[in-house]
Amino acid sequence: MAGNVLVMADQWRGELSDITYELLALGRELADGLGVSLEAVIVGHQLGELPNKLGAADVVHCLDNPALADPVPDAVSQALAEVIKQQEPAAVLIPWTNVAADLLGLLPAQLDAPFLNFCQDVRVVDGQLEARCVLYGGKMEAKVVGKARPLILGVLPGARSAEQGRVDGAPTVVAASVAIQDSGVHFKSYVEPEAGDVDITQQEVLISVGRGVQSGDNVKIAEELAAELGGAVCGSRPVIDQGWLSLSRQVGKSGAIVKPKLYIAAGISGAPEHVEGMKDSDTIIAINTDPGAPIYSVAHFGAVEDATDVLPALLDAVRAKKG
């Protein structure tokens, strides 16, 4: 098959995100299945050594341009569209992140190309690309076969392990030159997270609280438990809306995607929007008084109890175990 599989590298302030490596791992499987090369494209300004960190790719197309210094979707989509026209890939994998998400509407329209969004997995089946996509906030799944080229896919975090895509190598780096027209849309500023806050996406242990903890005072118990376990506290959207936790602690479709080793969901019902953000955790423990709560469908262990009773008991047990 002609063309290649092209992966967009997601970078912010000189750092490559984990999903970049996840997509490189996925892209390698697809490229091998189609019998084509795996190539990557990285966009930004003063990229330095970042292209060389994409060792899983055979070729890296480097778009280093002052107009691409900030993640302005109009400019980035123009640049990507030019590279795609030049390369004529079989498939383009775009990571579903805050930086890249706005491209997923613009790019297919600019190229008049077929587009599959919210992909949790993509495989080669009988020489065609078959994507498993989530619909209606995770309430439904659909398997879709894309036959036209280039096929653009918006891929959610968790499709593959990032470690699979961290490959030492020396990809061929090609400096790509594109003309970018000023659309009038400019990056104004970035709102920094609150000082001293933690990055919940990097925690191995998360104690997640929902409406079932009943009050902001009970969140403090979760914080004590998290401290004893060497983790952090996060929550579902209702808790953030109540002001019990900051927005940076929100897990779910409109928050962060997390994959800790241990995720304790305390008083969380398990709406699809929340589950989408934590379902790939290694071990999930649910605490909810409703035995029919959706959270139990993804939990490995559960306690049909009141979270306000279980959290203090867990805290006492952990402290006793630690002596």
Item checked: Boolean, residue 183 is within 30 Å of residue 37 (Cα to Cα) and not in a helix (DSSP H, G or I) -> no
Next item on the list: Considering each of 98, 52 in turn, give the residue that is open to solvent by 20 Å² or more (accessible area, probe 1.4 Å), over 22 Å from residue 163 (Cβ atoms) and either at pLDDT 95 or above or of a type outside the set (Gly, Ala, Ser) (or both).
Entry: 98
Notebook entry, point to check: Of 56, 101, 113, 79, which residue is in contact (Cβ under 8 Å) with a residue 12 or more places away in the chain, closer than 21 Å to residue 149 by Cβ and touching a Pro at 6+ places or on another chain (Cβ under 9 Å)?
Noted result: 113
Item checked: Number of positions in the range 136-164 that are at pLDDT below 90 and either under 15 Å from residue 34 (Cα atoms) or in contact with a Pro (Cβ under 8 Å, 6 or more places away or on another chain) (or both) -> 9
Item checked: Cβ pairs under 9 Å, 6+ apart, first in the range 25-43 and without any contact (Cβ under 8 Å) to a residue 12 or more places away in the chain, second open to solvent by less than 20 Å² (accessible area, probe 1.4 Å) and assigned to a helix (DSSP H, G or I) -> none
Next item on the list: Answer yes or no: is there a residue in the range 125-135 that is closer than 20 Å to residue 95 by Cβ, assigned to a strand (DSSP E or B) and at pLDDT below 90.
Entry: yes
Next item on the list: Inspect all residues belonging to the range 165-181 and state whether any of them is modelled with pLDDT of 90 or more, polar (S, T, N, Q), open to solvent by 70 Å² or more (accessible area, probe 1.4 Å) and closer than 20 Å to residue 251 by Cα.
Entry: no
Notebook entry, point to check: Tell me, which strands (runs of 3 or more DSSP E) wholly within the range 251-323 include 3 or more residues that are open to solvent by less than 80 Å² (accessible area, probe 1.4 Å)?
Noted result: 262-266, 283-287
Check: Just a yes or no: is a residue in the range 226-240 free of Cβ contacts under 8 Å to residues at least 24 places away in the same chain, assigned to a loop (DSSP other than H, G, I, E, B) and over 25 Å from residue 321 (Cβ atoms)?
Finding: no
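Any residue at all in the range 133-149 that's open to solvent by less than 40 Å² (accessible area, probe 1.4 Å), within 17 Å of residue 10 (Cβ to Cβ) and touching a strand residue (DSSP E or B) at 6+ places or on another chain (Cβ under 6 Å)?
No - not one qualifying residue is present in the range 133-149.
The values are calculated or read from the model by the stated rules, or taken from the named source; none is laboratory data. Because the structure is predicted, anything quoted here is derived from the model rather than measured. Note: ideal-geometry Cβ built from the backbone for every residue, glycine included; neighbour counts use all protein chains shown. Note: areas computed on protein heavy atoms with side chains; ligands, DNA, RNA excluded. Shrake-Rupley method; radii C 1.70, N 1.55, O 1.52, S 1.80 Å.
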